[in-house]
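Input: a single structure, listed below in structure tokens.
The values are calculated or read from the model by the stated rules, or taken from the named source; none is laboratory data. Keep in mind that what you see is a predicted model, and the values were worked out from it rather than measured. Virtual Cβ from ideal backbone geometry, glycine too; neighbours counted across all protein chains shown.
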Amino acid sequence: MSTLTITRIAHSSVLIDFDGQRVLTDPWFSEKFGYYHGEPYGIHLAALPRLAGVVVSHDHYDHCDMNAFQAYPDKQVPMAVKGGTEQKARRVGFANVFGMEAWESTTFGPITVTAAPGKHGVPEITYLLQANGLTVYFGGDTLLIPALGEIPQRFGRLDVALLAINGLQIRFLGNRQDVMNPQDAAEFCRISRPRYAVPIHYTFTGGPIMDKLALKYAGTPQALLREFQQAVAKLAPETTVRVLAPGEPLQVTTGGDGGGQGENTGEL
Ligand SMILES: [Zn+2]
């Protein structure tokens with residue numbers, strides 16, 4: 001039997017632990033004007049465990065904060081990034097950074113890492129992480145795009161999908177939507193039938209000035225979560241939504257027969 005533990009840190013930073021082999025997604029461990037987590041860190045940077053690898057979906061400050069992450073001591077840690085964005089991590093000393101494109105694979109020790117497509121305001125990839133018969137999808141902050149429909153054909157049923165739900169729109173670009181909203185994320189669940197869906201990327205705020213001038217969300221954090229839960233119940237009844245407070249673990253186990261059972265250690 002193997003155990004997968006998902007711990008949200010904040011925003012799109014998540015610690016994914018396959019029996020002690022841990023991957024960090026989209027490190028963001030500082031704030032500046034216009035960029036606030038809107039929630040506390042579930043794990044502080046200095047308290048991170050040893051990582052098997054890091055995946056970065058795209059080169060935006062709130063997903064690829066290398067100035068802060070350079071405090072992570074192991075500069076040999078493997079780091080997968082969208083092809084063309086390697087420099088930012090290399091510049092602060094990470095020596096094992098490699099660019100990936102959709103459907104390319106690599107490994108972090110026993111973990112297979114495969115890039116999947118993404119679409120956002122800048123070039124983005126998303127990731128599938130597989131180990132011990134368990135599969136996790138990390139959606140970064142992509143939009144829902146048709147190419148993501150290939151995931152179930154390539155990977156079968158997902159165990160956990162980590163999906164952005166704030167539906168971010170850019171006011172000065174004609175309210176262009178850049179991130180999945182709760183309906184989009186629920187539609188992803190209908191297509192890919194994850195056992196568990198964990199919403200991410202829903203408490204972010206640009207602060208009062210930026211939110212008024214530049215950014216728009218599909219709802220307040222509570223409204224986003226409620227809408228996502230309702231939409232998944234309707235569109236993807238085989239998927240269980242787990243809302244995780246920062247630092248609250250979700251444990252998913254699988255037995256040798258492939259029949260999975262899940263367990264949540266926290267309250268909804
Ligand atoms: Zn972004």
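Just a few scattered comments:
- The one condition in (1) modelled with pLDDT of 95 or more; (2) over 19 Å from the mean Cα position of the chain (by Cα) that residue 180 fails to fulfil: (2)
- Residues of region 107-129 satisfying the condition of being within 16 Å of the ligand (Cβ to nearest atom) and part of a loop (DSSP other than H, G, I, E, B): 118, 119, 120, 121, 122, 123, 124
- Residue that is surrounded by the fewest Cβ atoms within 10 Å (Cβ to Cβ), among those in region 54-73 that are closer than 16 Å to residue 43 by Cβ and of a type outside the set (A, V, I, L, M): 73
- Qualifying positions in region 39-53 - more than 16 Å from residue 70 (Cα to Cα) and loosely packed, with under 15 Cβ neighbours inside 10 Å: 40
- Check on residue 74, within 16 Å of the ligand (Cβ to nearest atom), in contact with a Lys or Arg (Cβ under 9 Å, 6 or more places away or on another chain), modelled with pLDDT of 95 or more and more than 17 Å from residue 162 (Cα to Cα): no
- At least 3 residues being touching an Asp or Glu at 6+ places or on another chain (Cβ under 9 Å) is the threshold, and among the strands (runs of 3 or more DSSP E) wholly inside region 17-106 those reaching it are 79-82, 97-100.
- Residue pairs whose Cβ atoms lie under 8 Å apart, separated by 6 or more positions or on different chains, with the first residue in region 174-193 and at positive phi and the second polar (S, T, N, Q) and within 16 Å of the ligand (Cβ to nearest atom), are 175/169.
- Qualifying residue in region 50-60 (condition: away from the ligand (no atom under 16 Å from the Cβ), under 15 Å from the mean Cα position of the chain (by Cα) and modelled with pLDDT of 95 or more): yes
- Some residue of region 223-239 being at pLDDT 95 or above, surrounded by fewer than 16 Cβ atoms within 10 Å (Cβ to Cβ), of a type in the set (Gly, Ala, Ser) and touching a Lys or Arg at 6+ places or on another chain (Cβ under 7 Å): no
- Among residues of region 19-48 that are under 21 Å from residue 166 (Cβ atoms), those with a beta-carbon under 6 Å from a residue that is among the hydrophobic types (A, V, I, L, M, F, W, C) and surrounded by fewer than 16 Cβ atoms within 10 Å (Cβ to Cβ) at least six positions away or on a different chain give the pairs 29/68; 30/68; 34/210.
- Tally, over region 131-173, of residues that are in a loop (DSSP other than H, G, I, E, B), of a type in the set (A, V, I, L, M, F, W, C) and more than 16 Å from the ligand (Cβ to nearest atom): 1
- Those residues of region 16-58 which are within 24 Å of residue 110 (Cβ to Cβ) and either in contact with a helix residue (DSSP H, G or I) (Cβ under 7 Å, 6 or more places away or on another chain) or among the hydroxyl-bearing types (Ser, Thr, Tyr) (or both), in sequence order: 25, 27, 57
- Residue list for region 132-157, restricted to those being in contact (Cβ under 8 Å) with a residue 60 or more places away in the chain and surrounded by fewer than 23 Cβ atoms within 10 Å (Cβ to Cβ): 132, 133, 134
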